[in-house]
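> One structure follows; several queries about it will come next.
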Amino acid sequence: MKKIFKLIIIFTFAIIFSSCINANKDDLSDLIQTPKQDNPIIEGTWEVVEVKGNKQEEKTNNIKLGDKLYVNKNLVAINESYAFPPSFNSKYVKLSDYLKNRGIEISKDFKDRNVIVINASQGQLFSRDLIITGDKYLFLIKDENIISLKKISDKVDAKVLDSYAKLASKERTTTDEGEDIAEDLSLLLGVRERVDPESDNALYKYYTYLIRIEPDDTIKYQKAEDIFIKNQDEYWKVSLDLNNFTDLYDEIRAYPVKANEKENKDLILKNYTFKNIDLNMRLNFVSKDFISIDYTNNDNSNPIRKYALMETNNIAVNKFISLEEFTGEDQSDLIFKEKVKEEVNKNFSKTDMKDISFDNTNFGIVRNQGIWAFQSSISKGKGDEFVQNFFNVDIAIGDSILNPNNSSISRDQVYNINTQFKDYLLLANKRYILIQTPDEILIHRIRDGIIEKSPVYAIATRVPSSIISIDQFLGSNATDVEKAFEKYNTVIEK
């Protein structure tokens, strides 16, 4: 877990160099190098020599024979999809498992083969896995097709670099921090809805909104069941439904949508499900890396509510992550225990710490008016004397990941626009802000750092809802996500 978390921290700064090819294969799964002025190991011009698969999209979006892939430290591009400049990282994978998770039929000779997968990305603008199969051969996956390429040159022509530089300057603008962005935007907004606000027994449903802002400022939305997320080149769904036999939310499923199409329900249950018939769970946070919940245990006569964190792609291990595993720091559990003791002394007077149990997995991620925060709980007593309190846990290294772009827009500014706001989100193109109220999702325009008073778009929400998942995509990625959302979901509202 330590290595996984450190990989996430360094992810956006990592680049793969030619020296990587000599690394020990046993260590490649954790391979991350510090940036240097050097070129990636796959630098050059590559030509599409084969397109294998039976999934056909509209011609304007197809990669076809003869198309070129350009790779160097300043550019990764194929047709109109590009990173300028890119970041790189790599992983060492079992090819059969990699393809299986993406819904690709595998041949027998792939069964025991291991390969290096290099991911080239540029923030929310571009992300593509390049699978190396030889010194002069690689392939990528698009629309369930395997696109095979052969290297035809060790360099990228200067004219090609110049053409993409001009394209980027035309299509993309720059944030205050100097990050390239595009006007075209898609937002995947996952929400938890309480469908029976008047009932004592809470019933929840989970949905994803696709909110689309096009270059001409046209805004539209679609809504589908379950939480829909993107993990590099594949799409996943996360679901938590009521068990009609136990009347508990006791089973979380997190699976690649293509795996769901290929595998039967028993295999999904085995490989992509967390199940505990004693727990009544609620989703608070979902991303490609982690799922966070709060829960009560049905075996406990007292309604003790705890928090927990799990890895999205490893949920079937049925294990909660400890704070030490999450941070990778040896002293984390000890510091956490001292924080619990401090909260007990503050909230429960004259309490013997021997009466308070310590659980190093009792922490999770919750949404709090525009930011993600870590939260835990303490409790004491039984029956009529049972009391419980909740408190924030400061995890600086985690906060830097969850809230990487704390903007200049403050809560006070949002409050001055709408006193009923419960959440808000600055959109990645920095031209709009989403404001959630008890009964609406509003989009306001931002001009010169000032939020315009009147919203330009509104979505009515008929029941109370909370944001639990946020993922934004710009440029060509925005279009790809919209098409995937429509392809893999049944749209129930738009």
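The values are calculated or read from the model by the stated rules, or taken from the named source; none is laboratory data. Bear in mind that the values here come from a model prediction, so they are computed numbers and not experimental data. Don't worry about glycine lacking a Cβ; one is built from the backbone with ideal geometry, like all the others, and counts go over all protein chains shown.
> Of everything in segment 461-494, what is closer than 17 Å to VAL191 by Cβ, surrounded by fewer than 18 Cβ atoms within 10 Å (Cβ to Cβ) and charged (D, E, K, R)? Give them in sequence order.
If the condition is that a residue be closer than 17 Å to VAL191 by Cβ, surrounded by fewer than 18 Cβ atoms within 10 Å (Cβ to Cβ) and charged (D, E, K, R), then ARG462, GLU493, LYS494 are the ones that fit.
> So PHE245 clears everything in (1) within 20 Å of the chain's Cα centre (by Cα); (2) of a type in the set (Phe, Trp, Tyr); (3) part of a loop (DSSP other than H, G, I, E, B) except one condition, right? Which one?
With respect to (1) within 20 Å of the chain's Cα centre (by Cα); (2) of a type in the set (Phe, Trp, Tyr); (3) part of a loop (DSSP other than H, G, I, E, B), PHE245 is out only on (1).
> Do we find that VAL366 is at pLDDT 90 or above and outside any strand (DSSP E or B) in this structure?
no
> Sticking with this structure for a sec: Can you name every residue in segment 330-359 that is among the basic types (Lys, Arg) and not in a helix (DSSP H, G or I)?
Hit for segment 330-359 is LYS350, nothing else.
> Turning to a different aspect of this structure: Among the candidates SER18, SER29, single out the residue that is of a type in the set (Ser, Thr, Tyr), out of contact with any strand residue (DSSP E or B) (no Cβ under 7 Å at 6 or more places or on another chain), over 21 Å from ALA168 (Cβ atoms) and modelled with pLDDT under 75.
So the residue among SER18, SER29 that is of a type in the set (Ser, Thr, Tyr), out of contact with any strand residue (DSSP E or B) (no Cβ under 7 Å at 6 or more places or on another chain), over 21 Å from ALA168 (Cβ atoms) and modelled with pLDDT under 75 is SER18.
> Continuing with the same structure: How many of the residues in segment 117-149 are touching a strand residue (DSSP E or B) at 6+ places or on another chain (Cβ under 6 Å), farther than 16 Å from VAL51 by Cβ and either assigned to a loop (DSSP other than H, G, I, E, B) or among the β-branched types (Val, Ile, Thr) (or both)?
Residues flagged as touching a strand residue (DSSP E or B) at 6+ places or on another chain (Cβ under 6 Å), farther than 16 Å from VAL51 by Cβ and either assigned to a loop (DSSP other than H, G, I, E, B) or among the β-branched types (Val, Ile, Thr) (or both) within segment 117-149 amount to 6.
> Separate question: Restricting attention to segment 323-340, does a residue exist that is under 23 Å from SER301 (Cβ atoms) and of a type in the set (S, T, N, Q)?
Scanning segment 323-340 turns up no residue that is under 23 Å from SER301 (Cβ atoms) and of a type in the set (S, T, N, Q).
> Between ILE378, ILE321, ILE293, ILE315, which is in a loop (DSSP other than H, G, I, E, B), crowded, with 18+ Cβ neighbours inside 10 Å and of a type in the set (A, V, I, L, M)?
Answer to the selection: ILE321.
Conditions tested, residue by residue: (1) modelled with pLDDT of 85 or more; (2) not assigned by TED's automatic domain parsing to the domain that holds ILE446; (3) not acidic (Asp, Glu).
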residue: ARG172; (1), (2), (3): no, yes, yes
residue: ARG212; (1), (2), (3): yes, no, yes
residue: THR218; (1), (2), (3): yes, no, yes
residue: GLN222; (1), (2), (3): yes, no, yes
residue: ASP226; (1), (2), (3): yes, no, no
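> If you don't mind, another one. If you go through segment 279-309, how many residues are among the acidic types (Asp, Glu) and either outside the structural domain of SER466 (by TED's automatic domain parsing) or modelled with pLDDT of 95 or more (or both)?
Counting residues in segment 279-309 that are among the acidic types (Asp, Glu) and either outside the structural domain of SER466 (by TED's automatic domain parsing) or modelled with pLDDT of 95 or more (or both) gives 1.
> I need the full set of residues from segment 261-278 which are modelled with pLDDT under 85 and in a helix (DSSP H, G or I), in order please.
Selection gives GLU261, LYS262, LYS265, ASP266, LEU267, ILE268, LEU269, LYS270.
> What are the residue pairs meeting all of these: first residue in segment 212-233, first residue in contact (Cβ under 8 Å) with a residue 60 or more places away in the chain, second residue among the acidic types (Asp, Glu), Cβ atoms under 7 Å, and 6 or more apart or on different chains?
Filtered contacts from segment 212-233: ARG212/GLU482; LYS223/GLU493; ILE229/ASP471; LYS230/ASP471; GLN232/ASP129; ASP233/ASP129.
> Additional query: Specify the residue that is farthest from the chain's Cα centre (by Cα); the eligible residues are those in segment 428-460 that are buried (at least 18 other Cβ atoms within 10 Å of the Cβ) and part of a loop (DSSP other than H, G, I, E, B).
Going through the qualifying residues, I end up with PRO455.
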